[in-house]
Structure formats: structure tokens, C-alpha cells
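Engineer: Please find one structure pasted underneath; my questions will follow.
The values are calculated or read from the model by the stated rules, or taken from the named source; none is laboratory data. Bear in mind that the values here come from a model prediction, so they are computed numbers and not experimental data. Cβ coordinates were reconstructed from backbone atoms using ideal geometry, including for glycine residues, and neighbour counts include every protein chain displayed.
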Amino acid sequence: MKILISGGEGLLAQHIIRASIISRTKHKFIILTHNQMNVRNHGEVLRAVSLHKPDVFLHCAAMTIPMDNHNYWQGMSINTNIIGSAVPAIVCHNSGGRTRLVYISTDFVYPGTDGYYTEQSPLQPINNYAKSKLAGEMAAQMLPNSLILRCAFTECPFRHPKAFIDCFKSYLYADMAAVFILELINSGYAGVVNVGGNRSTVYDFAKESRPDVGKITRAEVGTWIPRDISMVTLLMQRILKNDPTLQYPERRD
């Protein structure tokens, strides 16, 4: 399988390459940085797909943290995450089914109030970053054979000096998320899949890799921090275990 990866300089893309080396997969990767392929530029994306003819376009490129940037520079957020996702979707659509789009989305598209969100839960993006990612996700969902992965991952060791004691997530470290993402791509599954780990407070998760991490509460930062954005990952687990009872969504060529 030939996989073209956008955002090749990013955290996830680098971990996917490492995961493929460790697992000795036979995939061929084309890793393109922003300077090599601007995902907002239809001509550049079309040239890359036409030249390399990938089986999969793994769309990792995105404007992510700091979250405040999406409030200060809304235009950049729109250009990068919305237009920069619509363009790959259009190019993959026009490939006639040859190139399948895999879109990296986020757990932040869920409301973040009650937790235990499934792929069918109502969506309510909680900040501008989440709005931009959900808009990109909508473009991907228009393609019948696309794979949308709502992920919750971060760097290892935990990058912040303090972690929330009152915010629940389904965090994974990026290296493990990369392993799961490759396996989900290999499965051929089409649709939306939550990609995450066990539900825990951010603090409990963080201290596994950073024992000296400090404590912080949501009230000290802002109400935009979700109380509980944990996800149910049963579908992911069933796909990874090759569950023979799993009904794959219908795919059209």
C-alpha cells in the first residue's frame, strides 16, 4: 500500500513512520511537508496525488495548538483546517476511487460535558479549533470510502508542567496512536472511529510519563476546558481484533 502523508513534519506523521519501521510494514510512504505540498493549494495537492498515485491520503496537516491561535487568527484556522481539508477531499474524490482519504480529527468535536462519547453521539465543537476540525471532517464524510479518526493523543513524556485533575479524556501517547492508526488503515474500514485509550483524568494520565507533573483545575484556566470528553473506543477495539461479527459500512467505488 502506498500512503501519502500531509503534514510530514508533525508529531503524528513522524510517529507513524517510526511505527511502520518497528512493525516492518511493507507500505511505501510519501511524506510531504508544508513546503512540499500546501494542502490549501489545489494545484499542489493534485500534482502530488497525480505524481505519486497513493492508495491512501493520510491527512495529518493541521493548525492545532496553542488553542488560542484559533481565536486570534481565525482566517489562518479556516484556511488551514477547513480549506486545507476540503482540497484533499476534492482531489481524492476526483481520483475516481483510486486514493482513499483518511482524515485525522479530534475528540474536541464532542460536547465535553458527560463523556463516554460514541461515534454516534451528538457533536458540539467546544472551541474554534474543534469547529475547524469538524468542518474538515464534514468534507471527508462526503466521500463514501473515507476513514475519519477522532483522536485523543499527546506527546510522551507529557509536555506540560501541570495537568488537570478535573478533566477526563481518553488520552493515548502519540506512539501508540500511530500504531492504532496504521492498523485501522490496514483494516479497510470506512466511516468514523474513535481512537483513544482508557478514560482517566489528564493528571492521572500525565503522571505515568511525568511523575513530577503538577496539578491544576479547569477553573484556573477557563471554562473552555471540557469536564469530560472521554470516548467509547469499542469500535476501534473490534476493528483491531478483526471481530468477524462487525458489519463494515457499505463502500462504493
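Engineer: Among the listed residues ILE30, ILE90, ILE82, ILE78, which satisfies the condition of being free of Cβ contacts under 8 Å to residues at least 40 places away in the same chain, farther than 23 Å from GLU155 by Cβ and in contact with a helix residue (DSSP H, G or I) (Cβ under 8 Å, 6 or more places away or on another chain)? Give the derivation first.
Structural biologist: Values: ILE90 fails: free of Cβ contacts under 8 Å to residues at least 40 places away in the same chain; ILE82 fails: free of Cβ contacts under 8 Å to residues at least 40 places away in the same chain; ILE78 fails: free of Cβ contacts under 8 Å to residues at least 40 places away in the same chain.
Checking each option against the conditions leaves just ILE30.
Engineer: Just to verify a result, which residue in segment 13-41, among those that are surrounded by 20 or more Cβ atoms within 10 Å (Cβ to Cβ) and within 15 Å of the chain's Cα centre (by Cα), is nearest to ILE65 (Cα to Cα)?
Structural biologist: ALA13
Engineer: Same structure, new question: Taking GLY97, is it at pLDDT below 95, more than 21 Å from LEU12 (Cα to Cα) and touching a Lys or Arg at 6+ places or on another chain (Cβ under 9 Å)? Steps first, please.
Structural biologist: Working: at pLDDT below 95: yes; more than 21 Å from LEU12 (Cα to Cα): yes; touching a Lys or Arg at 6+ places or on another chain (Cβ under 9 Å): yes.
The answer is yes for GLY97.
Engineer: Within the bounds of segment 116-125, is there any residue that is buried (at least 18 other Cβ atoms within 10 Å of the Cβ) and among the polar types (S, T, N, Q)?
Structural biologist: Our first condition is that a residue be buried (at least 18 other Cβ atoms within 10 Å of the Cβ); within segment 116-125, this holds for 117, 125.
The next check asks that each one be among the polar types (S, T, N, Q); those that pass are none.
Among the residues of segment 116-125, not one is buried (at least 18 other Cβ atoms within 10 Å of the Cβ) and among the polar types (S, T, N, Q), which makes the answer no.
To keep it simple, each residue is scored yes or no on (1) touching a Phe, Trp or Tyr at 6+ places or on another chain (Cβ under 8 Å); (2) farther than 25 Å from GLU155 by Cα.
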| position | (1), (2) |
| --- | --- |
| SER6 | yes, no |
| LEU12 | yes, no |
| ALA19 | no, no |
| LYS26 | no, yes |
| ARG40 | no, yes |
| HIS52 | no, yes |
| ALA61 | no, no |
| ASP68 | no, no |
| ASN71 | no, no |
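Engineer: Yes or no: HIS59 buried (at least 22 other Cβ atoms within 10 Å of the Cβ) and either farther than 30 Å from ASP166 by Cα or at pLDDT 95 or above (or both)?
Structural biologist: Numbers: buried (at least 22 other Cβ atoms within 10 Å of the Cβ): yes; either farther than 30 Å from ASP166 by Cα or at pLDDT 95 or above (or both): yes.
Answer is yes for this residue.
Engineer: Now a separate question. Scan LEU184, LEU235 and give me the residue that is touching a residue at least 12 places away in the same chain (Cβ under 8 Å) and touching a Leu at 6+ places or on another chain (Cβ under 7 Å). Give the derivation first.
Structural biologist: On the way: LEU235 fails: touching a Leu at 6+ places or on another chain (Cβ under 7 Å).
Result of the check over LEU184, LEU235: LEU184.
Engineer: Within segment 219-238, count every residue that is of a type in the set (A, V, I, L, M), assigned to a helix (DSSP H, G or I) and under 23 Å from ILE165 (Cβ atoms). Working first, answer last.
Structural biologist: Step one: filter segment 219-238 for residues of a type in the set (A, V, I, L, M), giving 219, 221, 225, 229, 231-232, 234-236.
Okay, now just the ones that are also assigned to a helix (DSSP H, G or I), so 219, 234-236.
Going one step further and asking which of them are under 23 Å from ILE165 (Cβ atoms), we end up with 219.
Total satisfying the criteria: 1.
Engineer: Can I ask one more? For segment 136-164, how many residues are of a type outside the set (Gly, Ala, Ser), touching a Gly at 6+ places or on another chain (Cβ under 8 Å) and assigned to a loop (DSSP other than H, G, I, E, B)?
Structural biologist: 2
Engineer: Please specify each residue of segment 9-21 satisfying the condition of being without any contact (Cβ under 8 Å) to a residue 40 or more places away in the chain and of a type outside the set (D, E, K, R).
Structural biologist: Here is the first cut: in segment 9-21, the ones without any contact (Cβ under 8 Å) to a residue 40 or more places away in the chain are 9, 14, 17, 21.
Correct list: GLN14, ILE17, ILE21.
Engineer: Can you spot a residue in segment 99-108 that is of a type in the set (Ser, Thr, Tyr) and surrounded by fewer than 21 Cβ atoms within 10 Å (Cβ to Cβ)? Step through it out loud before you land on a result.
Structural biologist: We begin by selecting, within segment 99-108, every residue of a type in the set (Ser, Thr, Tyr); these are 99, 103, 105-106.
Narrowing the set further to residues that are surrounded by fewer than 21 Cβ atoms within 10 Å (Cβ to Cβ) leaves none.
No, the conditions are met nowhere in segment 99-108.
Engineer: Against the definition (of a type outside the set (A, V, I, L, M) and without any contact (Cβ under 8 Å) to a residue 12 or more places away in the chain), how does TYR72 come out, yes or no?
Structural biologist: Values: of a type outside the set (A, V, I, L, M): yes; without any contact (Cβ under 8 Å) to a residue 12 or more places away in the chain: yes.
Yes.
Engineer: Can you name every residue in segment 198-253 that is exposed (fewer than 15 other Cβ atoms within 10 Å of the Cβ), at pLDDT 95 or above, of a type in the set (Gly, Ala, Ser) and within 25 Å of ASP68 (Cα to Cα)?
Structural biologist: Answer for segment 198-253, where residues must be exposed (fewer than 15 other Cβ atoms within 10 Å of the Cβ), at pLDDT 95 or above, of a type in the set (Gly, Ala, Ser) and within 25 Å of ASP68 (Cα to Cα): just GLY214.
Engineer: I've got another one for you. Please count how many residues of segment 168-202 are under 13 Å from THR154 (Cβ atoms), touching a Lys or Arg at 6+ places or on another chain (Cβ under 8 Å) and outside any strand (DSSP E or B).
Structural biologist: 5
Engineer: Give me a count of the residues in segment 91-131 that are among the small types (Gly, Ala, Ser) and either part of a strand (DSSP E or B) or in contact with a Ser or Thr (Cβ under 9 Å, 6 or more places away or on another chain) (or both). Steps first, answer last, please.
Structural biologist: So the first thing to find is which residues in segment 91-131 are among the small types (Gly, Ala, Ser), and the list is 95-97, 105, 112, 115, 121, 130.
From the residues that got through so far, the ones that are either part of a strand (DSSP E or B) or in contact with a Ser or Thr (Cβ under 9 Å, 6 or more places away or on another chain) (or both) too are 95, 105, 115, 130.
Count: 4.
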